[in-house]
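Just so you know, all these numbers are worked out from the coordinates, no wet-lab data involved. These numbers come from a predicted model, not from an experiment. Note that we place each Cβ from the backbone using ideal geometry, even for glycine, and neighbour counts take in every protein chain shown.
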Amino acid sequence: MTNNPFLVKSELPYQLPPFAQISEDHYLEAFYAGTKEQMTEIAEIIAQSEITFENTIVALEKSGQTLSRVLNVFYNKSSSDTNDRIDEIEAEIAPKLAAHSDAIRLNPELFNRIKKLIDANPKLDAESDWLLNRYYRDFLQAGAALDESSRGRVKEINEQLSALETVFAKNLLADTNELAVFVNDIAELDGLSENQIAACKAAAESRGEADKWMISMVNFTGHPLLASLKSRSLREQIMKNSLLKGIRNNQNDTRETFTKMVKLRAERAQLFGCTSHAEYVIQEQTATHPDRVHEMLRKIAPAAIRNAKREAEEIQKVIDSSDKHELQSWDWDFYTEQVRIKKYSLDTAQMKPYFELERVLKEGVFFAAGKLFGITFKERPDLVTYHSEARAFEVFNEDGSPLGLYIGDFYTRDSKRGGAWMNSLVDQNHLLGQLPVVVNNMNIPKPPAGEPTLLTYDETTTLFHEFGHALHGLLSNVTYPRFSGTSVQRDFVEFPSQVNEMWILWPEVLDNYARHYKTGEPLPQQWVDKLNESTAFNEGHATTSYLAAAVLDLAWHSINPDTEIVDVELFEKSAISDYGLDFSPVPTRYRSSYFSHIFAGGYSAGYYGYIWSEVLDADTVEWFKDNGGLKRENGDHFRQQLLSRGGSIDSMQMFRNFRGRDADIQPLLRRRGLN
């Protein structure tokens, strides 16, 4: 234990975890030492006869530092570079961590101290007062005010749920890897670029299949390559494999796992006097109640499906003029590109040479952040990260003062879960004197050595989006760890990341990064004009697919504990049909069996948050445009009133402080072509 690097604060720059010293054996040691240490700290808080904000709330904020260090590193590792041993460790600690958390938040003596502070209404500064009230709400939400029997059952449920989430994630990753499509004849890959074909070859070689090409499955329905592949039979196989994740009646089938989860969540909600898990969760979000969410989604759904069917008619006309078959889900992306070319003279596949990863990152993402916030980036290859592909960048304020560390881990691998996300290794806060260390993970196919990494337009969008989350963490300027960075209400957290997408086509930014990787020529202006003209193109499909997933999430989390789930597929069909979103060429973005957001990612009853946040995002984009766009004064206002505040004030009040009023839904409707 004396050599365990988690037991002491890192002496590396920005308290970067000492990855060169960390071994897998250290995780369990530090986890058990950290939980023991924090329980001792909690006992010391309770033992004090006097009750003050400092010796209770501030002491709680300072507790558990060893545990935080190991968990931040471990859960980043388990999501981005797992293996059998990491999976075993996660299975062991997940229920124990839930029990540990409950031992604190369900402690009646500790809750009594917090309640007495609330009743005493001490004179505190605004952030401290909000912290006290958030702790009180956190403890209530955890069940601290329940009777002893109910508290005991909540503990049991939490431990079971934690274990089931781990099983879901492990099985889904295994099934996703098994469902990769292997291609024996390069002719089947007709339509792909040389780089894409090379990436497929490299992926197959990594699996020991040197004479084949491999198309890895992604975490959502469909696949980016469906837009380019000419082979209809291969497209069909990819789509069908995509839809099979977690429902193959094998050892990786996730249905039994997640149906247990939704029933346990429903039972827990009833213990809190709520009618459903959705009500239990959403009461603490900006939406406040599921009815408000359904009200907004039902306003959008009819226009979304109407647009999707109109788009399908256009695609069918293209098919009828050449290939003579009925439109299916595996055809949509391929023929949509043909419609885009016909309608807008725009072929997004031709844009890839202009979106080379290094330029997009440094001359696009970093450049826009520098113009807006005055921050600069310096790569630090001397800093060891958790994986050889994860790169560290030091971030500075305009005056040269250190701001934090940004780690980019861009390539896909079998050990990484699907999708794209942001993690925090060190949370900014003044109480412990910490600057932020944040991680962006993506799943870009890695080209062979020496070849450039060329991004699709969607991948470019994802990079800007995830960096928006990173900015939320990097620009955090709060006193308490509880409020650091993205620690906001779940249906607010996507808002800053969505705003950051606006700079992709901003002329000054685009001209700086969208250059042909061989010739240096800028992206042709007529293509840019067509991109801007076609912003609502295919939004019927995108919105319908997204809404179907959001509806599924709400449906699963509106059931009773005794609801009999005889047929998962039938449940899905019923939920989606109830909204009028059932349209076979446009499947839900996530089927339940691979819906990691809600069964392994903390978004249960919260997937609606993307479009809920987009209302704020679309309104904010209009504010930026009305005020001159990429200007320092605009960035400073956004930073000071919103990004730097983390969760230190009410989210909607924070938006009002920034915007000067409540959000208007009309910009969102215009953006998605739904008005």
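Note on the chain: with charges restricted to the Cβ of Lys and Arg (+1) and Asp and Glu (-1), its dipole about the Cα centre is near 740 debye. Within the same chain, lysines fewer than 8 places from residue 625 are excluded, and of the rest, those with a Cα less than 29 Å from its Cα are 299, 343, 352, 362, 371, 530. A full extension of the chain between residue 382 and residue 233 corresponds to an added length of 48.9 nm, given 0.36 nm per residue minus the alpha carbon distance.
Placing unit charges on each Cβ (+1 for Lys and Arg, -1 for Asp and Glu) gives the chain a dipole about its Cα centre, and among 167, 584, 642 the Cα reaching farthest toward its positive end belongs to 642.
Specify the angular offset, from 0 to 90 degrees and rounded to the nearest 10, of the alpha carbon long axis of helix 632-641 from the longest principal axis of the alpha carbons in the chain. Between helix and principal axis, roughly 40 degrees. Only residues of the range 239-277 count here: report those whose backbone N is under 20 Å from the spot 7 Å along Cα→Cβ of residue 207, or say none. Of the residues in the range 239-277, 239-254 have backbone N under 20 Å from the label point off residue 207. Recomputing Cα Rg over 2.2 N^0.38 Å from the coordinates shown identifies the correct label among [x] 0.95; [y] 1.14; [z] 1.30 as [x].
For the residue pairs 115/155; 263/416; 115/260; 263/446; 77/123, the alpha carbons lie more than 31 Å apart in 115/260; 263/446; 77/123.
Qualifying GluC sites (Glu not before Pro) in the range 206-269, where qualification requires a DSSP coil assignment and no more than 16 other C-beta atoms within 10 Å, comprise 209.
For residue 584, put the label point 7 Å out on the Cα→Cβ axis and report which residues of the range 308-335 keep their amide N under 13 Å from it. Under cut-off, by backbone N: 326-331. Computed about the Cα centre, the dipole magnitude for the range 179-244 is approximately 240 debye when only Lys and Arg (+1) and Asp and Glu (-1) carry charge, each at its Cβ. The P(r) of the range 501-563 has a tail past 16 Å containing 65 percent of all C-alpha pairs. Dividing the mean sequence gap of close Cα pairs (under 8 Å, 6+ apart) by how many residues the range 179-244 holds gives a relative contact order of 40 percent. Relative to the longest principal axis of the Cα atoms of the chain, the long axis of helix 539-556 lies at roughly 40 degrees. A convex hull fitted to the Cα coordinates of the range 146-248 yields 122 cubic angstrom per residue. In a DSSP loop and with at most 10 other Cβ atoms within 10 Å, the GluC sites (Glu not before Pro) in the range 1-101 are 11, 50.
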